[in-house]
1. For Lys398, which lysines qualify as cross-link partners when the Cα separation must be under 27 Å and same-chain residues fewer than eight apart are set aside?
2. Once you list every other residue whose beta carbon is under 15 Å from the beta carbon of Lys69, what net charge do they have if Lys and Arg are +1 and Asp and Glu are -1?
3. Farthest toward the dipole's positive end in segment 21-146, which of Val105, Ala137, Ile95, given Cβ charges of +1 (Lys, Arg) and -1 (Asp, Glu) about the Cα centre?
4. Please enumerate, by chain and number, the lysines with C-alpha under 20 Å from the C-alpha of Lys60, excluding those fewer than 8 residues away in the same chain.
5. Over 25 Å between Cα atoms, which of Lys261/Lys288; Lys172/Lys244; Lys7/Lys210 qualify?
6. Of the accessible area of the chain, with the probe set at 1.4 angstrom, what percent is carbon plus sulfur?
7. Which three semi-axes in whole Å describe the equivalent ellipsoid of the chain, each the square root of 5 times a Cα gyration tensor eigenvalue, listed largest first?
8. Please give every one of the lysines within straight-line cross-link reach of Lys6, meaning a C-alpha to C-alpha distance under 21 Å, and leave out same-chain neighbours fewer than 8 residues apart.
Amino acid sequence: MRPKNKKQLRVVELSATLPPMTERQMAYATKHCFEHKAVKRKSGYVCTHCGTISKTLEKKCPHCGYELKPLETRNRILKGCDYYAIIAKCQEYQIIRIFVVLTNVTIGKSADYSYHEVIQQWIDTRGNCTYMALRRAYSFYLDQWYYDSNLEIRSRNQYGAYDPNPVVYPYKGTINEIKRNGFKGKFYGIAPKDFFCAILSENRIESLLKMGQIEMFREAVSGRSTLKYWASILVCQRHGYEIKDGRNWVDMISILDRLDKDIRSPKYIMPIDIKSAHDHWVKKLHEKQNKERFERELKKAIEDEAEFKELKGKFFGVSITENEITISVLESVRDHILEGKALCHCVGQGGYALRENSLILSAVVNGVKTETIEINLNNMTIAQCRGLQNQNSEYHDKIVDLMKRNIHIIKKRLTA
């Protein structure tokens, strides 16, 4: 699109002054953007870069010196595509020039490489980025560039098409503000544009980089919500504690906050093993949530008792005993919830108590809850009989047999 303001006009003006790629920059791209192969043929191993043949498989081509990986294929033509970035400064702007590097290999011949500048990322001293890019197809596929189009101002970064993570040319030109804010040549796996914009636009992210809290720096760049716990990070820094697992540490602090723990206390926020501490507090949170849910269920049970009594009151008092086994009807919604909690299944949460054609009984062996029985009142059959965690207990067959032999008691109550 056409430039609409002074800033965009300035970017277009400066873009026209940029030099083409140098031979040295092209050579670095051809070497590092692709995995070069040693393709097996009858005559030996063919290097996909220079096309020469070696009798034996070598880690490096003896002719061009490129590292090689073995490849067995019958294809005569191999193609590849990758992004390549040259980082430079232009007047008051930090610029990242991104090229698509294409390779076309015919086995036995030198590889043919082509270079197309597709994106320019112009970053000002406040961390704002202006994009110039070629026209591209409206597609989910990000590499659909029209190479015969012109670099123009682009305002819509659809699907992140203008933010690839490229191979970076190691010789960089950077503006003074980026050097001042802590950049020393390493990107730590972060895309250059995201790295530069973060340290220029947020002084706390800049501080993380300078403090050497690299894992937290990476987390903060990828998700600014990390900075919500800035006070906790400062406590760690004052105590000389390096956070080596940023993602789990942030999750752990979030959980501690939900558990109303002091997230500025070294006791909680500076564990020896972050992963183990994270798992410990996750377990504590689940326990708290289960307790709160259980209390809500008990509260709702009080509201449902009248309806339950009207539906199932006729079965109250039914109890079947034989030797060590006793089977009894659950006589309240609260009993259903306690049954489910004791045996770790869903009889309490699943709404079985208020199901019109279902009756729930509890089988107790030697005073211990062992299995839960559901009777289908429509056809007077056992719909299911489940023990701990929905598994059959060692008494399962005896319990089912006892219930079947006495199901007439339930039928008699139903028709009474």
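The values are calculated or read from the model by the stated rules, or taken from the named source; none is laboratory data. Owing to the predicted nature of the structure, the values given are computational and were not obtained by experimental measurement. Glycine also receives a Cβ, built like all others from the backbone with ideal geometry; neighbour counts cover every protein chain displayed. The accessibility values were calculated without ligands, DNA or RNA, using every heavy atom of the protein model including side chains. Shrake-Rupley method; radii C 1.70, N 1.55, O 1.52, S 1.80 Å.
1. Once the sequence-local lysines are set aside, what remains near Lys398 is Lys312, Lys314, Lys341, Lys369, Lys411, Lys412.
2. Numbers: positive: Lys31, Lys37, Lys40, Lys59, Lys60; negative: Glu35, Glu58, Glu67, Glu72.
Residues near Lys69 contribute +1 overall.
3. Farthest along the dipole direction, towards plus: Val105.
4. Answer for Lys60, where 20 Å is the Cα cut-off: Lys31, Lys37, Lys40, Lys42, Lys69, Lys109, listed by chain and number.
5. Lys172/Lys244; Lys7/Lys210
6. Working: 11120 of 23420 Å².
Reported share for carbon and sulfur atoms: 47 percent.
7. For the chain, the ellipsoid semi-axes come out as 67, 31, 23 Å.
8. Cα-Cα hits under 21 Å: Lys89.
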